[in-house]
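Here, each number is a calculation from the coordinates, and none is a lab measurement. Since we're looking at a predicted model, the values are computed, not measured.
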Amino acid sequence: RERFQQAGIRVLCPELSIAKTLLDKRAAADWFSHHGFETPITWTVAEALEQPSLSYPLVSKARFGQGSAGFRLCSTREEVSRLQDNAVLQPYLLGTHLDLDLLRGSSGVLAVIPKIKHSSTAGTCDRATTTRAPGYIELGARLSHTIGHVGAIDVDIVDTDDGPVVLEVNPRLGG
């Protein structure tokens, strides 16, 4: 980043340390919680198997994956025990799935575009409807401010009966 800046080029992404955290789904869940964002509990396979009881189904996905890599639903402890060590697990959440496209400039948040997902292919939303719900816009602006990125990022959330829950942040343009 420093070499680009010296050449007069602005890199449009989060700082490297925050990008690394966001790309690690286990570390990202801790980061969200630490910064006051609702997020599902996220376990590694070993952490999940240490739990005396689990509520199923659980969503399994690759800890460092993208595009729904490793995505599957687990309905039993036996299925969890067969997962690869690089997987993470989260409770399956019922609700409306949304993408928030966040655009931020050097002076702050420029736009938050909430989209209700209708269908996705390989982890990328391919059919959605934009919505102007203020709660989603406020959540996106707060996330954008906390991350402190410049450029565009994509946030996956589920709006549950208890309110919006942040699943993950992709430090790139969304689908």
Which three extents, in whole angstrom, do the alpha-carbon atoms of the chain cover along their principal axes, largest first? 54, 37, 30
Work out the count of Lys pairs in the chain where the Cα-Cα distance is under 21 Å, with the pair 8 or more places apart or on different chains. 4
Mean separation of Cα contacts under 8 Å (6+ apart) over length of the chain, as relative contact order %: 24
Taking the stretch 132-175, the whole-percent share of alpha-carbon pairs separated by over 14 angstrom is 49
Using only the Cα atoms of the stretch 17-115, construct the convex hull and provide its projected area averaged over every direction, in square nanometres to one decimal. 7.6
Could you give the distance between the Cα centres of the stretch 1-42 and the stretch 122-152, to the whole Å? 15
So what is the relative contact order for the stretch 116-157, in percent, with contacts set as C-alpha pairs under 8 Å and at least six apart? 24
Ratio of the Cα radius of gyration of the stretch 91-139 to 2.2 N^0.38 Å, where N counts its residues: 1.28
